[in-house]
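The next block holds one structure in the form of structure tokens; read it before the comments.
The values are calculated or read from the model by the stated rules, or taken from the named source; none is laboratory data. Remember, predicted model here, so these are calculated numbers, not experimental data. Because the Cβ atoms are built from the backbone with ideal geometry, glycine has one as well, and the counts that use them run over all protein chains shown.
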Number of protein chains: 2
Amino acid sequence: MKLICEGLDLSNAILKVIKAISSKTPSEILECIKLTAKGDYLTLLATDTEIAIEKTIRAEILEEGEALVHGKLFNELVKKLEEEQIELSLDGNFVKVKYGDSEGVIQTKPLDEFPQINKNINENSFTMSQKEFKELINMTAFSCSQDDSRPILKGCKMEVEDGNVVCVALDGFRLAVCKKELAHSTGNFSCIVPSRTLVEITRLLERDEEMVTVIIQKNMLMVEVSSTVLISRLLEGEYLNYKQIIPNEFLTVLRVSKNQLLQSIERAAIVARGMKNLVKIDIKEGNMNISANSELGKVDENIMINLEGKDVVIAFNSKYLTDLFRVIEDDFVYMYFNSSIAPCVIKPYQGDGYLYLILPIRINNN
Amino acid sequence: MKLICEGLDLSNAILKVIKAISSKTPSEILECIKLTAKGDYLTLLATDTEIAIEKTIRAEILEEGEALVHGKLFNELVKKLEEEQIELSLDGNFVKVKYGDSEGVIQTKPLDEFPQINKNINENSFTMSQKEFKELINMTAFSCSQDDSRPILKGCKMEVEDGNVVCVALDGFRLAVCKKELAHSTGNFSCIVPSRTLVEITRLLERDEEMVTVIIQKNMLMVEVSSTVLISRLLEGEYLNYKQIIPNEFLTVLRVSKNQLLQSIERAAIVARGMKNLVKIDIKEGNMNISANSELGKVDENIMINLEGKDVVIAFNSKYLTDLFRVIEDDFVYMYFNSSIAPCVIKPYQGDGYLYLILPIRINNN
């Protein structure tokens, strides 16, 4: 392997693929980036066996070949060579990095130990604008479970149906559903994508107005954006029938300013920390009272609302409220209740673009 | 105590004084901010007993008085009230924070346990531009000792003499000296200021072109900037006679591009991590070769220099070189050597504004 490329191109490419390397991998081989020089291109590839990211850049290839180098070390050195033209060459067990009158030399690792990545994925696909894909993920992925007790809940269910995609995340205490129109899809299908994969995909999306195509085959997913390819395993198993959880009828409906409510809950959350984040909401006569009380102090706030139906007193973990109100961009939302022990549902002022459901915390109504 | 003030003013004032609170204080009282309402002003004060910071803002005082509140909690609540007008009042053992239709309540702590701060400091002083004071500190304080074995070395010696101030820092392996002209001083004197105090002072300096006056009396220092007052203890004891350490004659003198050298050492430092940060410098025939070698890899760089005197091979801890070259703003510097085991001295291309000395690491010249 021997080639010449621009330091800045190489540095940017490393930054893309290095995201696939887990910071806590136990394997030396999975800390590496695979370099492949072929035709007029240098390809970089990194993987943690769950996600793989591959990036291709133009290079003057003097000799085709491959090499495996330590990702973090290679990144640090090349980051300091962004203004240089670089000659990369394989010299025995070392990759030589030549620039100007100087050079760096980095050990290589045995190539045959690096995982093979299957890029033959082409069965189903859907296409949408990058901006909408990012919104879809930002509005749901935070509700995925973080712990390993039910691994299937660490992913988002994505249902492609009749030209729409519905993305669902739930963790046993809350549910997030977001729906977007697709520019194109190959039919109706569904899959469960690890939330980490979805977040890494959103990081690749730098051009809001352009499209992104997600390709699915069996238990694999592939996305290509500006000559960066991300390949990920999907989660396998039965997802919950989330539609069963959502009540159809409510005794209380209210409309509230989303920003006012978010700010009130954020202030209440400061003292609620002293008491398991418990924030109490008392709804009556066109007023919503938000309060929290602990040994740290007290917060007691009032917000005007549009109320229909009966009064209700209910309590929540403040984090579940702030998480969802921070991603909603609407000025007003509708909140739906049945009682102090029944789930609360949040929907947009207009349309059915999203739905959130959160379970209350039982309190003594005094 | 009862008063009305703007949320943004109060929030900014808290951010100033909270820097005096140590994150690892063992004392609940030292986590507090003292509020004093008097005349037309609210004064906030925080201290860790070594440094105290006091900030005064305008307020409508309805009832004079004092209170002690938990700094971090008060900060978090008020940060979320920057757009509000706030009424603060003392109500038994609580401070009530009223805004709009809502309120927060925070516990107070017993006032009499808070340390008394003596502001009667006026014996000696020096005045210089804020920009030059910041340069003085940035160019020296990083060389102070970090460990407690010789506490006096955790401070900078500041010598005011004949209209100049010389700031000195050393840690047993390196020495930094920076000299600046003063706009005014009350005579010749010297003191040893904890480096943390100096860094906190630079953070208060927001107007480069304006002056700052540092007042010293016995073992105390005081600085006032835009109605923020910082008071600090000084370090007491004998400082080293640093002038004795600096050689007067050198066998090798060279001029080198500071940026080129810094970048080369930064790259060498990447592989040098594997070997106690050891970077080797080989100077001969108008060339400086910088190299590092460890199990991580090798870096080997060459820089053109202007050389006078004999060749020299010498090695350093890369950190000592990068630390000082990162604060020097000149394009070129002079480096002075005597041998591979004698200290290296770095001085400016023009003038005597700074001097750095670093000790080499002994290596086998092979």
Original post:
On the given criteria, is A:SER264 outside the structural domain of A:ASN164 (by TED's automatic domain parsing) and either of a type outside the set (Asp, Glu) or in a helix (DSSP H, G or I) (or both)?
Top reply: yes
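Sort out for me the strands (runs of 3 or more DSSP E) sitting completely within the range B:91-205 that have 2 or more residues that are over 13 Å from the mean Cα position of the chain (by Cα) and farther than 30 Å from B:MET1 by Cβ.
On the way: elements: B:94-99, B:102-107, B:124-129, B:155-161, B:164-170, B:174-181, B:189-194.
Per the criteria, B:124-129, B:155-161, B:164-170, B:174-181, B:189-194.
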Original post:
So which residues in the range A:290-349 are of a type in the set (D, E, K, R) and under 19 Å from A:ASN138 (Cβ atoms), if there are any at all?
Top reply: A:LYS319, A:ASP323, A:ARG326, A:GLU329, A:ASP330, A:ASP331, A:LYS347
**OP:** Say whether the condition of being touching a residue at least 60 places away in the same chain (Cβ under 8 Å), farther than 14 Å from A:ASN124 by Cα and within 14 Å of chain B (Cβ to nearest Cβ) is met by at least one residue in the range A:244-259.
**Re:** yes
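Give the residue, chosen from A:MET128, A:MET139, that is away from chain B (no Cβ under 14 Å), in contact with a Phe, Trp or Tyr (Cβ under 8 Å, 6 or more places away or on another chain) and touching a residue at least 60 places away in the same chain (Cβ under 8 Å). Working first, answer last.
Values: A:MET128 fails: in contact with a Phe, Trp or Tyr (Cβ under 8 Å, 6 or more places away or on another chain).
Of A:MET128, A:MET139, the one residue that is away from chain B (no Cβ under 14 Å), in contact with a Phe, Trp or Tyr (Cβ under 8 Å, 6 or more places away or on another chain) and touching a residue at least 60 places away in the same chain (Cβ under 8 Å) is A:MET139.
Answer yes or no: is there a residue in the range A:173-187 that is under 30 Å from A:ASN317 (Cα atoms), loosely packed, with under 15 Cβ neighbours inside 10 Å and assigned by TED's automatic domain parsing to the domain that holds A:ILE152.
Taking the range A:173-187 as the starting set, the residues that turn out to be under 30 Å from A:ASN317 (Cα atoms) are A:173-180.
If we keep only those that are loosely packed, with under 15 Cβ neighbours inside 10 Å too, we end up with none.
No, that holds for no residue.
So which residues in the range B:230-261 are among the charged types (D, E, K, R) and exposed (fewer than 13 other Cβ atoms within 10 Å of the Cβ), if there are any at all? Spell out the reasoning first.
If we filter the range B:230-261 for residues that are among the charged types (D, E, K, R), which is where we start, we get B:233, B:236, B:238, B:243, B:249, B:255, B:258.
Across the range B:230-261, the qualifying residues are B:GLU236, B:GLU238, B:LYS243, B:GLU249.
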Original post:
Taking into account only those residues within the range A:7-18 that are in contact with a strand residue (DSSP E or B) (Cβ under 6 Å, 6 or more places away or on another chain) and of a type outside the set (A, V, I, L, M, F, W, C), which is farthest from A:GLU87 (Cα to Cα)?
Top reply: A:LYS16
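Give B:LYS109, B:LYS119, B:LYS134 a once-over and let me know the one that is under 24 Å from B:LEU230 (Cα atoms), touching a Cys at 6+ places or on another chain (Cβ under 9 Å) and either more than 12 Å from every other protein chain (Cβ to nearest Cβ) or surrounded by 21 or more Cβ atoms within 10 Å (Cβ to Cβ) (or both). Can you show your working first?
Details: B:LYS119 fails: touching a Cys at 6+ places or on another chain (Cβ under 9 Å); B:LYS134 fails: touching a Cys at 6+ places or on another chain (Cβ under 9 Å).
Step by step, each of B:LYS109, B:LYS119, B:LYS134 is checked, and only B:LYS109 is under 24 Å from B:LEU230 (Cα atoms), touching a Cys at 6+ places or on another chain (Cβ under 9 Å) and either more than 12 Å from every other protein chain (Cβ to nearest Cβ) or surrounded by 21 or more Cβ atoms within 10 Å (Cβ to Cβ) (or both).
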Original post:
Does B:LEU90 fit the bill of being within 14 Å of chain A (Cβ to nearest Cβ) and in contact with a helix residue (DSSP H, G or I) (Cβ under 7 Å, 6 or more places away or on another chain)?
Top reply: no
**OP:** Using the structure shown, decide if B:GLY104 is touching a residue at least 24 places away in the same chain (Cβ under 8 Å) and in contact with a Gly (Cβ under 7 Å, 6 or more places away or on another chain).
**Re:** yes
